[in-house]
1. Just the residues that are open to solvent by 50 Å² or more (accessible area, probe 1.4 Å), farther than 16 Å from L174 by Cα and in contact (Cβ under 8 Å) with a residue 12 or more places away in the chain, please, taken from the range 274-292.
2. Looking at (1) surrounded by 14 or more Cβ atoms within 10 Å (Cβ to Cβ); (2) at pLDDT below 80, can you tell me which one R13 breaks?
3. For the range 129-150: of the residues being open to solvent by less than 50 Å² (accessible area, probe 1.4 Å) and in contact with a Pro (Cβ under 8 Å, 6 or more places away or on another chain), which is farthest from L242 (Cα to Cα)?
4. Here's a check for you: in the range 237-264, which residue that is free of Cβ contacts under 8 Å to residues at least 24 places away in the same chain and not in a helix (DSSP H, G or I) is least open to solvent (accessible area, probe 1.4 Å)?
5. Show me the helices (runs of 4 or more DSSP H) entirely contained within the range 122-198 in which 1 or more residues are among the polar types (S, T, N, Q), in contact with a helix residue (DSSP H, G or I) (Cβ under 9 Å, 6 or more places away or on another chain) and at pLDDT below 95.
6. Does R228 satisfy being surrounded by fewer than 22 Cβ atoms within 10 Å (Cβ to Cβ) and touching a residue at least 24 places away in the same chain (Cβ under 8 Å)?
7. Can you pull out every residue in the range 211-235 that is over 18 Å from L133 (Cβ atoms) and touching a strand residue (DSSP E or B) at 6+ places or on another chain (Cβ under 7 Å)?
Amino acid sequence: MQTLAEKQMKYDRARDLLINIIAVLTIIPLAPLINRYLPPLMLGSWNADLTVSILLAALITRALAWIFKPLIIPGFLVLCTILLINEFNDGYSFGNVVKDYKSVVLNNWKHRDIKERELFIRPGLFESSMEQLSRELKSKVNHKDPVLRNFAVLHSLDYFDEYHNKYGQTVRWLSLFKYINNRFKYVPDAQRDEYFASPDETIMNGLGGDCDDHTILMVSALKSIGARTRMIITDGHVYPELYCGNKQEFDKMQQAILFLFANEVSEGLHFRESQGEYWINLDYTAKHPGGPYLNDIAYAVIDL
């Protein structure tokens, strides 16, 4: 039979093994959480801040396991509970943990030779950051939402109704643009946390938000009353564009804008043309449709 001392030794070994396993598991969600508060640390082309975060998380959990062994297990449960609760609000959650690890993989592996990368990461396993951003922005566009649709119809009638016989449906789009841009107020997202508001959220918030919130609202609202729109991603910025049609249709749109926004237009309209199709800028920084671009270099075009 085992002596009391032998039983105690087995119990201690099992407890220490469990504590070590819990400590390792704690590092996994704790490291990206710490990483959010570290400045970018670059070693050549290698993004080292997550590596430093993992080391810090390991030191913290090791210190707790050494000094306060009984606190490791409840501490791990508390951390998991917080992450689980945050799945249902805007806090840091398990989804953010996965997203942060994916971002590190993308940032650190994109500089390696493609053939070398394919040995370790199956092609298509991770989408690029630009593809992910485009997908997330597009997923928020909802021109069939009843709140959005009613908002768009109501405010498409606020301005220029007396010119409907002259310019047709164009005046509805220009009226809606004017209403949104005259009232939109810039409100930034939290640092290191990007939030894309749906159109009805921005409406209920009193037309407050950042550039992506404005863009999602603008393209959704215009699309709900028959316009063709798209989103443009540039350096640190997103903005909407309105389709004008071919050269003849663009000339009519230009005539309407120059007439209806005569007090705001101080120079020609800013637009893009490709294969005979014309698009004009509808950024929140523009005082009129076709206002100056903040940055006319397009990194990605999101067609709707």
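1. Hits for the range 274-292 are E277, P292.
2. For R13, the failing item is (1).
3. Selected residue: D145.
4. Ranking the candidates gives A262 first.
5. In the range 122-198, 129-140 are the helices (runs of 4 or more DSSP H) which contain 1 or more residues that are among the polar types (S, T, N, Q), in contact with a helix residue (DSSP H, G or I) (Cβ under 9 Å, 6 or more places away or on another chain) and at pLDDT below 95.
6. In short, yes.
7. Passing the criteria: L222, K223, A227, R228.
Here's the yes/no breakdown for (1) under 29 Å from G209 (Cα atoms); (2) under 26 Å from the mean Cα position of the chain (by Cα); (3) modelled with pLDDT of 90 or more:
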| site | (1), (2), (3) |
| --- | --- |
| M231 | yes, yes, yes |
| T234 | yes, yes, yes |
| H237 | yes, yes, yes |
| P240 | yes, yes, yes |
| C244 | yes, no, yes |
| F250 | no, no, yes |
| M253 | yes, no, yes |
| F259 | no, no, yes |
| S266 | yes, no, no |
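The values are calculated or read from the model by the stated rules, or taken from the named source; none is laboratory data. In this text, all values refer to a predicted model and were calculated from it rather than measured experimentally. Reconstructed Cβ throughout: ideal geometry from the backbone, glycine too, with neighbour counts over all protein chains shown. Heavy atoms of the whole protein, side chains included, go into the accessibility calculation; ligands, DNA and RNA do not. Shrake-Rupley method; radii C 1.70, N 1.55, O 1.52, S 1.80 Å.
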